[in-house]
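Heads up: the structure comes next, in structure tokens.
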Amino acid sequence: MQASVTEWLDKTWEKYPHKTAIIDKGNKFSYEEYRRRSLAIARALIEKKIGVQKPVAVYLEKGAVMLFSFIGAAYSKNFYSPIDVEMPAGRVNKILEILKPEIVITTKELKTQFEKFEYEGGYLLYEDIEPLEDDEKIVWETAGKIIDTDLLYVLFTSGSTGVPKGVAISHRSVVDYIEWVTEEFEVTKEDSFGSQAPFYFDNSILDIYSTVKTGAVLNIIPKDLFSQPVLLLEYMKEWGVNSIFWVPSALITVAKLRALKNVDLSDTLKRVLFCGEVMPNKQLNYWRKYLPDVLYANLYGPTEITDACTFYVVDREFGDEESLPIGKPMKNTEILVLDERDCLVTSHEQGKIGELCVKGTCLAVGYYKNPEKTKEAFVQNPLNHCFDERIYRTGDLVSYNECQELIYIGRKDYQIKHLGHRIELGEIETAASSFDEIPRCCCVYDDKRQSIVMYIEAEAEFSRNEINERLERLIPKYMLPNKVKSIPVMPLNANGKIDRKALKDLL
Ligand code: AMP
């Protein structure tokens, strides 16, 4: 049985040493190079005598070296935690206070920046690490002792209190997830994934490990291209990117600027997977119109369950105003929908809303050094009174449709009480997103004035009356926005999703 993700790299390297593994800024790295560099980092970490299962912070620009560092940390039986080089100092300091890394892998240039943070541990500078002949022999003694419950990484997400939470994930969860992904989507060495997700965001797990497992290419798409859709699509065509796993916001930008009209990807693109936020059917329909033969799949899940736990392969037509299902649980994963009294909502109870809870190997070990928050979110299954069984409460509200597929309704926290009615802000957004002239919108609740404010990404102002007249045909009157505001560019958070907090700050 496989204990560690590093075994994938060992096997793929053995089979295809000279095959391209990573494309980064036009530079190609073979699987031989990938492994050699990762082993060199592992050896350097071992030589530093930091011990095992210790946190290794990775402070680098998104690129191949980051991947060598992740796998290097894993080979040394430690776990990695990427820190965004653009993150403000206040937040980095909060993360460092929790993580207390033994060492940070960075470059000479970035070290100067890192030295401004509150950090007293050691440094490993990438420029100083040269692969040596004995690396494999030295590393093997440690790597051979990895067990599947060892931590592989800790990713920090924002906590509601403003204190970041470090989601700790084991090798086992990633092995389980990637086995499923590669089987379900039939990923092979012929594939080339165009990576959008930053490596500190869990969507990147699919890109990184499904390629390492199968020998496919991971093409790191330059970040700037995501604001220039035509150039982005031309890049994909030029490099033969045939698979993508992006946040819906990135797909929406391409649809909004009608970029598929200019670049024909029909001979290039094979799979379009997305996850992380709602994918409106209006924009998906645009993609489907230009690329009808592509496989589209909506994956759903939070960082705490290793990227994704449900999926829906798009297999039928949807109207612009309809919700795209998040589908059914992945293999070796169980979903419980629990109502307010923790009773099970069954898949035959169409339309009944409950909280999506998850059971399975995909569950994180918990929040790093945060037993209280861990206890709040990872709880005993309330339906099992016989033995210990952990479930993760996602805080997401869902219901079942007539096909017994899960439909995402919204976050519990975006559920508001307005004029005595319980409202999911997401429902208003889904309705408004179906209008042609609304490329992207987001609703926030102004608690002080007790009003629903809808932000629309547009230069021109919209008349609230006009919008509401049309919305009224889709949602109840009490859900109609009290204010409609235009915003030229929707604020996005570091992961590329709509930043609701930034919108609330505008109120
Ligand atoms: P993160 O931990 O940053 O990946 O965020 C996870 C949250 O994003 C989930 O709890 C959902 O609220 C939302 N989310 C993820 N995937 C989807 C999806 N396919 N549709 C709607 N919301 C999603």
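The values are calculated or read from the model by the stated rules, or taken from the named source; none is laboratory data. Since the model is a prediction, treat every value here as computed from it, not as a measurement. Positions of Cβ are backbone-derived with ideal geometry, glycine not excepted, and every protein chain shown enters the neighbour counts. Heavy atoms of the whole protein, side chains included, go into the accessibility calculation; ligands, DNA and RNA do not. Shrake-Rupley method; radii C 1.70, N 1.55, O 1.52, S 1.80 Å.
Quick look at the values:
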read-out	value
Virtual spin-label span in nm between residue 186 and residue 422, 7 Å along Cα→Cβ	4.3
Packing-based ranking, highest mean first, of 480-486, 32-38, 245-251, 461-467 given that Cβ atoms within 10 Å are counted	245-251, 32-38, 480-486, 461-467
Total formal charge among the other residues, if their Cβ is under 12 angstrom from that of residue 270, Lys/Arg +1 and Asp/Glu -1	-4
Spin-label pair residue 228/residue 465, simplified geometry with 7 Å Cα→Cβ offset, distance in nm	4.4
Surface accessible to a 1.4 Å probe, residue 374 within the full protein complex, Å²	30
The range 40-194 - percent of accessible surface contributed by carbon and sulfur, probe 1.4 Å	49
Ranked packing of 317-325, 41-49, most packed first, by mean Cβ within 10 Å	41-49, 317-325
Of all DSSP beta bridges in the chain, antiparallel share, percent nearest 5	60
For residue 366, distant residues with modelled amide H under 5 Å away	168
Extended-chain gain in nm, criterion 0.36 nm per residue less alpha-carbon gap, residue 93 and residue 1	29.2 nm
Restraint check, 213/270; 25/189; 373/504; 28/501; 77/108, Cα-Cα greater than 28 Å	28/501
Pairwise FRET efficiency - residue 344 versus residue 315, Cβ, R0 = 22 Å, nearest 0.05	0.25
Dipole in debye (nearest 20) - the chain, about Cα centre, beta carbon charges: Lys, Arg +1; Asp, Glu -1	800
Probe 1.4 Å, accessible area per residue of the chain, Å²	43
Paramagnetic reach from residue 109 (point 7 Å along Cα→Cβ, amide N under 18 Å) across the range 76-93	83-87
For the chain, calculated [θ]222 nm from helices alone, where every DSSP H run of n ≥ 4 adds -39500 (n - 2.57)	-9000 deg cm²/dmol
Accessible-area composition of the range 414-505, carbon plus sulfur, in percent [1.4 Å probe]	47
Efficiency of FRET from Cβ geometry, residue 386 and residue 237, R₀ 45 Å, rounded to 0.05	0.20
Residue 11-residue 505 FRET efficiency (beta carbon distance; Förster radius 45 Å; 0.05 resolution)	0.40
Ranking by accessible area, most exposed first, for 140, 180 with a 1.4 Å probe	140, 180
Accessible-area value, residue 402, 1.4 Å probe, nucleic acids and ligands omitted, Å²	130
Dipole magnitude of the range 6-220 about its Cα centre (Cβ charges: Lys, Arg +1; Asp, Glu -1), debye to nearest 20	400
Listed residues 266, 434 arranged by accessible area, highest first, probe 1.4 Å	266, 434
